């Protein structure tokens, strides 16, 4: 066997069996109305050690800041701002966070600043999609990236020095209203839509609370009757989210990353009877004609390996019965991939075979190419 190709394929090919496991409801669903909120702002980072910028909008922002403090610069004056940079600040506001609590803020250079290391973000308002200010951010910027100059004149960058974080740099000024306790129902939304899983989840909740308490609305949403009182509702959700169910197995899929050659095969993928010829490789999927079919398979694999190990012994291209693999109908793709791997096929060969099988209607499963 050509081990170079065998190890290449083993390194680039990932096959797994996606079996259903007992999982908690909290790992499968999101509660409608309980979500994060994205915030964004625009500000100035000052105190940079000469790694800032001198862009027009940087000067305009700097002048506007001074004007807010009652300082008016002459109209023709252009200050040198090597230690200043304009940045976009953004943060994620988690649900149920309260006024006065703190959260982390990320800042990213907008202009030509080389690094934000050593800088300090001045007071910046972070707004929501409604235009209202929810967080005020300020503080020292922590940059983990390091820019290095190579001896040959090249430039190497580890991570990104123009992006930094301000730990606990945002203070919540107002909260976002939540519909958590505004109705007599809660809606659980499955993270991966599936009719079977939705039904199983509703049945599991009804088994604990009583029949009719939960209803699967569609493949994603399960509506559950819940108490209005907030404290009771918290205990109610705490009970429900720890109920365990067996989620249904997802649709049969083969995920192919054409750039890396990675293939991920679902456990339910099956092959229908077909004959495949790809280059010097021939594979037949059919019903075995006698009890010695398995022995013929082994002989075919062994002879194919010998031909690859001694290519000079078989220079002529000819049709050989011994070069065909025989599989039962309904064989798994994992078995096909193993057989192809045994003769030292490259990942590109497997990708070509998968695409051809799908086009021929002999592949039972969705082929997803990234």
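Measure off 7 Å from each Cα along the Cα-to-Cβ vector at residue 258 and residue 178, then give the distance between these two points in nanometres to one decimal.
4.4
So how do 36-42, 96-102 stack up, highest first, on mean other-Cβ count within 10 Å? Can you show the working numbers first?
Values: 36-42: 16.7, 96-102: 11.7.
In decreasing order of mean packing, 36-42, 96-102 become 36-42, 96-102.
Pop the C-beta distance of residue 69 and residue 144 into the FRET formula with R0 = 25 Å and round what comes out to the nearest 0.05. Display every interim value, and only then the final one.
On the way: r = 32 Å, r/R0 = 1.30.
For residue 69 and residue 144, the calculated efficiency is 0.15.
Compute the distance in nm between two label points, each set 7 Å from the Cα along the Cα-to-Cβ direction, one at residue 208 and one at residue 102.
With each label placed 7 Å out from Cα toward Cβ, I get 3.6 nm.
What's the FRET efficiency of residue 27 with residue 272 using the Cβ-Cβ distance as r and R₀ = 35 Å, to the nearest 0.05? Working shown, then result.
Details: r = 35 Å, r/R0 = 1.00.
Efficiency, from the Cβ-Cβ distance: 0.50.
Give the peptides 359-369, 214-224 in descending order of average Cβ contacts within 10 Å, highest first. Intermediate values should be presented prior to the final figure.
Details: 359-369: 14.5, 214-224: 17.6.
So the order, starting with the most tightly packed, is 214-224, 359-369.
In whole Å, what is the distance between the alpha-carbon centres of the range 185-214 and the range 89-134?
38
In whole percent, what relative contact order does the range 37-172 give with Cα contacts below 8 Å and a gap of six or more residues?
Working: 325 pairs, mean separation 40.8, N = 136.
Dividing the mean separation by the residue count of the range 37-172 yields 30 percent.
Using a 7 Å offset from the Cα along the Cα-to-Cβ direction at both residue 42 and residue 229, what is the distance between the two label points in nm, to one decimal?
5.0
Please say if the range 37-172 is rounded, prolate or oblate, where rounded means a/c under 1.5 for a ≥ b ≥ c the square roots of the C-alpha gyration tensor eigenvalues, and otherwise the choice is prolate for a/b larger than b/c and oblate otherwise? Write out the running numbers ahead of the final one.
Working: a/c = 2.46, a/b = 1.19, b/c = 2.07.
In terms of gyration-tensor shape, oblate.
Only the coordinates and a few stated rules stand behind these numbers; no lab work does. Fair warning: this is a prediction, and the values are worked out from it, not measured in the lab. Cβ: placed from backbone, ideal geometry, glycine included. Neighbour counts: every protein chain shown.
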